[in-house]
1. Kindly indicate which of THR93, THR127 is polar (S, T, N, Q) and more than 26 Å from PHE48 (Cβ to Cβ).
2. State whether one or more residues within segment 4-11 are at pLDDT 95 or above, of a type in the set (Lys, Arg) and not in a helix (DSSP H, G or I).
3. Do you know which residues across segment 74-103 are at pLDDT 95 or above and open to solvent by 40 Å² or more (accessible area, probe 1.4 Å)?
4. With the requirement that a residue be closer than 20 Å to ALA80 by Cβ and open to solvent by 40 Å² or more (accessible area, probe 1.4 Å), what does segment 33-47 give you?
Amino acid sequence: MTARPQDPDDLAFNVFAKACPSRGTLENVTGRWGGLTLGALSEGSLRFNELRRRVDGVSEKMLSQTLHALERDGLVHREAQPTNPPRVDYELTPLGREVARRLLALITCVEGAMDEVLASRERYDETRGAR
């Protein structure tokens, strides 16, 4: 028996509705830094600076905002150790691991299709002019 996609009318939340709170969570997960942060944390617990190095290009401010949003949504757990200097570790919650697992499947799909994507970009730019 194959699982069928759930009818959107049966769901308590609808991401396509403007006021639905699931839309904000989807934005936190699929935004540039959210997706990369979840992907990096899927490899295991990381300290802030380790995570910042892993997510190449993210500023300290953006990473901090991203981690706060993902923690608020219940996807990331922040553990502060009472040491000197303070040590803070970030890891995925069970929900965060499930979301990251699905996100990594999408990342793998995109990475695997890059030859096709780059060829398509080249054809597009040739016919419509590079921007």
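The values are calculated or read from the model by the stated rules, or taken from the named source; none is laboratory data. A quick note: this is a predicted structure, and the numbers were derived from the prediction, not measured. Positions of Cβ are generated from backbone atoms using ideal geometry, with glycine treated the same way; all protein chains shown enter the neighbour counts. The protein model used for the area step is the full one, side chains on, heavy atoms only, and it has no ligands, DNA or RNA in it. Shrake-Rupley method; radii C 1.70, N 1.55, O 1.52, S 1.80 Å.
1. Just one listed residue meets the conditions, THR127.
2. no
3. Result: HIS77, ARG78, GLU79, GLU91, PRO94, LEU95, ARG97, GLU98, ARG101, ARG102.
4. Taking segment 33-47 and keeping what is closer than 20 Å to ALA80 by Cβ, we get 37, 40-41, 44-47.
Scanning segment 33-47 gives SER45, ARG47.
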